[in-house]
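The values are calculated or read from the model by the stated rules, or taken from the named source; none is laboratory data. Everything numeric here is computed off the predicted structure, so don't read it as measured data. Counting neighbours? That spans all protein chains shown, and the Cβs are built from the backbone with ideal geometry, glycine included. With ligands, DNA and RNA removed, areas are computed over all heavy atoms of the protein, side chains included. Shrake-Rupley method; radii C 1.70, N 1.55, O 1.52, S 1.80 Å.
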Amino acid sequence: MLSDMMNRREFLYLSGITSAVFLAGCAINPVTGEQQLMFVSPQQEIALDKKSSPHQFSSDYGATSDKKVNAYVSRTGLAMARHTHRPDMPYSFRCVDAVYVNAYAFPGGSIACTRGILLTLQNEAELSALLGHEMGHVNARHTASRMSKGMLISAVAAGVSAFAATKRKEYAAIAAGLGGAASGALLAFYSREDERQADSLGMQYMVRTGYSPAGMVGLQTHLLNMHKSRPNPMQILFASHPMSEERVRNAELQMDTEFLHDKNKPLYRERYMDNTASLRAKRKPIMQLQDGEKLMQQKKYPQAEQKFSSALKAMPNDYAGLLMMSKCTLAQNKAQVAQSYADKAKRAKPGEAQALHMAGISRLVRQDFSGAEQQFRTYEQRLPGNPNTVYLRGLSLEGMGKKEAAAQEYGRYLQSGAQGDMAKRAYRKLQNWGYIRQR
């Protein structure tokens with residue numbers, strides 16, 4: 001019965017709140033022109049993007065040092081952006097040095113594709129399809145919509161005060177740019193309906209820009225076949241972008257109906273090959289890095305080290321390869337070796353932050369607390385907002401005997417909303433040191 005869960009007044013109160021939430025949270029979808037539930041404004045989308053995307057890009061080893069490839073991806077994306085439903089968004093495009101197969105978009109228009117996925121493409125039309133699909137997510141506001149629905153569920157379940165608190169908590173966690181936590185919140189799984197809409201919009205945008213819709217069919221077909229024959233590099237892509245043969249059929253149907261007269265538009269294969277020649281010349285060592293990552297996931301560290309070593313013989317200054325080797329040797333308790341690879345990675349790409357993180361961790365393992373703290377402090381100056389770095393800096397300061405400074409970092413870490421074993425340890429330390437009163 002209703003009275004078993006809440007009284008009539010509470011029920012009416014929450015019902016009224018729900019109505020108010022709907023009235024306050026309606027917005028016009030830029031793609032459909034229809035009203036939709038939306039609590040996240042375009043300005044908030046952009047702010048969330050600016051706070052979170054740098055952490056994901058750094059996690060993927062930053063924009064590739066191959067300036068020609070990076071400029072090509074950016075040029076292709078920006079040419080398409082003018083033909084979207086939201087051409088005023090601050091779009092940016094880059095190829096990141098990660099070797100797994102993926103592409104992703106943040107809600108404010110920051111879009112990345114990996115070296116791994118660029119090696120699977122055959123022409124510029126497929127690249128335009130890839131970027132167009134990601135722009136489809138931005139234009140349909142899929143991330144903002146998913147966040148808004150989550151907020152509504154909180155409101156209905158717990159009332160206004162709890163809803164407000166939940167909203168503040170979610171916004172604080174995401175807007176703070178909390179490394180992987182924030183990126184995960186913004187790059188969470190898309191529904192199959194979202195994927196279908198992004199595919200359709202992507203085809204619209206690429207055709208408007210002058211490409212054959214066959215590029216989308218080619219992309220979908222190629223990725224599906226690759227997933228069947230070589231699934232591991234595709235796991236992350238298909239986790240966030242559910243794939244099916246239905247999507248291939250939908251692309252073929254849209255091409256043969258809506259864009260039948262555009263099928264003969266160009267694919268620009270030669271232009272793609274020319275602009276990605278330097279990347280494709282490294283195909284073999286990049287595939288070795290992929291294999292090494294797979295072996296790392298299986299905790300086959302000596303075999304992974306062999307793969308990374310072979311790749312680095314061909315690409316001795318490859319930033320991603322150096323950091324993969326640093327992580328692999330650290331997993332084998334070779335902290336000194338791990339530190340040397342991290343330091344070399346710092347020299348290979350001086351502006352990137354992840355090498356500082358690994359350089360700090362390897363020093364921390366070696367109990368070089370002062371050296372570790374310096375690396376984490378520099379990381380934070382370059383890329384603030386990663387709670388793990390805050391915790392590790394606290395650990396370093398604790399090792400240096402600087403209790404007050406360590407307590408400050410542990411407090412910052414807990415204020416970020418962190419949970420798990422590290423948060424429990426930080427809390428216990430603050431209790432033991434008298435900064436938190438024990439109950």
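Values as computed for the structure displayed
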| read-out | value |
| --- | --- |
| Cross-chain or 6+ apart pairs with Cβ under 8 Å, the stretch 103-122 first and among the basic types (Lys, Arg), then part of a strand (DSSP E or B) | Arg115/Cys95; Arg115/Val96 |
| Test: residue in the stretch 85-92 that is buried (at least 22 other Cβ atoms within 10 Å of the Cβ) and under 19 Å from Asn225 (Cα atoms) | no |
| Residue in the stretch 417-435 that is assigned to a helix (DSSP H, G or I), aliphatic (A, V, I, L, M), under 25 Å from the mean Cα position of the chain (by Cα) and at pLDDT below 95 present | yes |
| Matching entry among Ser212, Ser200 (being more than 29 Å from Phe57 (Cβ to Cβ), touching a helix residue (DSSP H, G or I) at 6+ places or on another chain (Cβ under 8 Å), at pLDDT 95 or above and among the hydroxyl-bearing types (Ser, Thr, Tyr)) | Ser212 |
| Some residue of the stretch 215-222 being open to solvent by 40 Å² or more (accessible area, probe 1.4 Å) and more than 20 Å from Thr143 (Cα to Cα) | yes |
| Selection status of Leu323, part of a helix (DSSP H, G or I) and surrounded by fewer than 24 Cβ atoms within 10 Å (Cβ to Cβ) | no |
| Subset tally (residues that are among the small types (Gly, Ala, Ser), closer than 23 Å to Met400 by Cβ and part of a helix (DSSP H, G or I)) for the stretch 341-369 | 5 |
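Residues are listed down the side, and each one gets a yes or a no for (1) open to solvent by less than 30 Å² (accessible area, probe 1.4 Å); (2) charged (D, E, K, R); (3) in contact (Cβ under 8 Å) with a residue 24 or more places away in the chain:
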{"site": "Ala251", "(1), (2), (3)": "yes, no, yes"}
{"site": "Leu260", "(1), (2), (3)": "no, no, no"}
{"site": "Lys263", "(1), (2), (3)": "no, yes, yes"}
{"site": "Tyr272", "(1), (2), (3)": "yes, no, yes"}
{"site": "Pro285", "(1), (2), (3)": "yes, no, yes"}
{"site": "Ala311", "(1), (2), (3)": "yes, no, yes"}
{"site": "Tyr319", "(1), (2), (3)": "yes, no, yes"}
{"site": "Lys349", "(1), (2), (3)": "yes, yes, yes"}
{"site": "Ile361", "(1), (2), (3)": "no, no, yes"}
